Amino acid sequence: MIRWGILGTAKIAREQLVPAIQTAENGTLQAVASRSQDSADQFAKRFGIPTAFDSYEAMLASDEVDAIYIPLPTSQHVEWTLKCLEAGKHVLCEKPISLHAKEIDALIEARDRTGLVATEAFMVTYHPQWLKVRDLLASGAIGTLRHIQGVFTYYNVDPNNMRNKVELGGGGLPDIGVYPTVTARFATGKNPIRARASIIRDPDFGTDIYANCQYDFGSFDMTFYCATQLSLRQRMVFHGDKGAIEVAAPFNAQNYDAVDVCLYNQGRNEMQKWAFRGVEQYRLEIETIGRKISGDNVDIFTLESSRANQAAIDALYAADISDGWVKVEA
């Protein structure tokens, strides 16, 4: 059993990772750390966690914890991932693990030097619907892939929310633009070679609230938009010369009843559907990472893939400034 600790008391930890760890077949939630003893005690009492630390440093120094989940603000991810690795702890860090691709090089070096597991929390890559999409594309089910279309939006104008604070790494692209990017890369096994984008920022928050984006993957294109001040919507479509694949709930699958992957033929008069009900993608993430920590030969989301994903996001920001195509730096 992998003994997990949570570094902070963020909403994502409360709602998703606590139940994922507590129901995992190979994990146990051993500890929580906060900046105050009272906050840690309340969190621990609420979820029945044995140990509550009054500082992050105390958790890192503890021999009761094997692996640490980091749900801190994005601006602190690189710093605390490095600190956890240096303290001898395996790490699962919330996405995005960094705001700049080059910063991930230091994480890769620390991972390799310590021999520990370090990974970014892209839970979607553990969901069987995305394994199905990847298999369908590899098998030629839609012929030659020509275009990917994606959307991920929600509405949040809370000035106190970290997603609306530039200094904490807020903004639509870091928070949700990473998901169309990562699922396209995961499903196709390819990285974009150039990007362009048009971005709108909130006049008060300064964060990007709408991004209209395009990637050139060489043999196919991708367009998507993400927004933090539009009504809730998400979808991914893969379009080829022999058919199309549509993913109805591509990212927050646990929030939707219709978690379906649909394969259409050229005329859309024939359809095959695969339904994925009751899949707990966060638990699958925790269990797979736990097996990796235990030495099993399983695939997890690598820091190299994290770097490639962030490089694509970096290029979108650069393209908005240059008002044209920008090369995605490997």
Review point. Only one of Glu304, Glu285 is part of a helix (DSSP H, G or I), surrounded by fewer than 14 Cβ atoms within 10 Å (Cβ to Cβ) and out of contact with any Asp or Glu (no Cβ under 8 Å at 6 or more places or on another chain); which?
Key: Glu304
Check your understanding: Quick one: in region 163-204, which of the residues that are among the basic types (Lys, Arg) and in contact with a strand residue (DSSP E or B) (Cβ under 7 Å, 6 or more places away or on another chain) is surrounded by the most Cβ atoms within 10 Å (Cβ to Cβ)?
Key -> Arg196
Check your understanding: Which ones in region 189-209 are within 14 Å of Ala318 (Cβ to Cβ) and among the basic types (Lys, Arg)?
Key -> Arg194, Arg196
Point to revise | Qualifying strands (runs of 3 or more DSSP E) (wholly inside region 197-277; at least 2 residues being touching a Gly at 6+ places or on another chain (Cβ under 7 Å)) | key: 208-216, 221-227, 229-240, 260-265
Exercise for review: Among the numbered conditions (1) within 24 Å of Lys11 (Cβ to Cβ); (2) assigned to a helix (DSSP H, G or I); (3) within 18 Å of the chain's Cα centre (by Cα), tell me where Glu167 comes up short.
Suggested key: (3)
Revision key, fill the gap. Those residues of region 104-116 which are of a type in the set (Asp, Glu) and either touching a residue at least 40 places away in the same chain (Cβ under 8 Å) or assigned to a loop (DSSP other than H, G, I, E, B) (or both) amount to Asp105
Exercise for review: Taking Lys292 as the residue in question, decide whether it is over 21 Å from Lys190 (Cβ atoms) and either without any contact (Cβ under 8 Å) to a residue 24 or more places away in the chain or of a type in the set (S, T, N, Q) (or both).
Suggested key: no
Revision key, fill the gap. If you go through Glu103, Glu94, Glu109, the only one that is within 15 Å of the chain's Cα centre (by Cα) and either of a type in the set (A, V, I, L, M, F, W, C) or not assigned by TED's automatic domain parsing to the domain that holds Phe224 (or both) is Glu94
Exercise for review: Those residues that are of a type outside the set (A, V, I, L, M), closer than 20 Å to Cys93 by Cβ, touching a strand residue (DSSP E or B) at 6+ places or on another chain (Cβ under 8 Å) and surrounded by 18 or more Cβ atoms within 10 Å (Cβ to Cβ), I need them from region 8-58; list them, please.
Suggested key: Gly8, Thr9, Gly27, Gln30, Ser34, Phe43, Phe53, Tyr56
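The values are calculated or read from the model by the stated rules, or taken from the named source; none is laboratory data. Note that the structure is predicted; figures quoted are calculated from it, not measured. A quick note on method: Cβ atoms are made from the backbone with ideal geometry, for glycine too, and the neighbour counts reach across all protein chains shown.
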